[in-house]
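The values are calculated or read from the model by the stated rules, or taken from the named source; none is laboratory data. Note that the structure is predicted; figures quoted are calculated from it, not measured. Because the Cβ atoms are built from the backbone with ideal geometry, glycine has one as well, and the counts that use them run over all protein chains shown.
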Amino acid sequence: MIVILVFRNNLWKTYDSGFMEVFHRAYTHNETDSIKVIENLEREFQCCGVDGASDYLNINRTIPKACYPNQSSIFYPYYQGCAEAVTIWIWNELPIIAGVLGSILFIELFGIIASLVLGVAISHSSSAHLLATSHSLQSEYEDSD
């Protein structure tokens, strides 16, 4: 969590450039599955392109209907890019994400500690049993003398 806060600018640049790469590859190679995912993302988050509608104009494509409110080009396209929209959503959901990850971490740590305690208990139990057995054998040996 702290790492995310410290390196959020670097994370943003990496995420934005990766998203831009996927966007360009999808539209320059006409990858229909990727284009469908991008358009679904635009509808869901009410955004357009990676950094805005100009991303489509920069690659000589028309702005898709997914970029418009009500999927109608009589309106202006969404001004916010999808990289920013998704980042804001993640940032808003971060407490929930951190809570879930923290819970999983706690359960994992509890499991490790419990298994170590169990292993030590079994080890001591076996040692005590062996020690008791050796003492009884030793006392039987001494009694027979």
### Query
Are there any pairs, at least 6 apart or on different chains, whose C-beta atoms fall under 7 Å, with the first in the stretch 34-59 and hydroxyl-bearing (Ser, Thr, Tyr) and the second outside any loop (DSSP other than H, G, I, E, B) and surrounded by 14 or more Cβ atoms within 10 Å (Cβ to Cβ), and if so, which?
SER34/VAL22; SER34/ALA26
### Residue satisfying all of: in the stretch 58-94; in contact with a Lys or Arg (Cβ under 7 Å, 6 or more places away or on another chain) and closer than 13 Å to GLU39 by Cα; surrounded by the fewest Cβ atoms within 10 Å (Cβ to Cβ) among these
GLN71
### Message
Which residue is nearest to the chain's Cα centre (by Cα), if the candidates are limited to the stretch 33-56 and must be more than 19 Å from TRP91 (Cβ to Cβ) and loosely packed, with under 15 Cβ neighbours inside 10 Å?
### Response
VAL37
### Query
Is the stretch 77-90 home to any residue that is at pLDDT 90 or above and in contact with a Pro (Cβ under 8 Å, 6 or more places away or on another chain)?
yes
### Task
State whether the residues of the stretch 67-79 include one that is touching a residue at least 24 places away in the same chain (Cβ under 8 Å) and among the polar types (S, T, N, Q).
yes
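Give the stretch 95-121 a look and list any residue that's within 30 Å of PHE45 (Cβ to Cβ), surrounded by 10 or more Cβ atoms within 10 Å (Cβ to Cβ) and without any contact (Cβ under 8 Å) to a residue 12 or more places away in the chain, or say none. Can you show your working first?
Residues of the stretch 95-121 that are within 30 Å of PHE45 (Cβ to Cβ), as a first pass: 95-105.
If we keep only those that are surrounded by 10 or more Cβ atoms within 10 Å (Cβ to Cβ) as well, we get 95, 97-105.
Passing the criteria: PRO95, ILE97, GLY99, VAL100, LEU101, GLY102, SER103, ILE104, LEU105.
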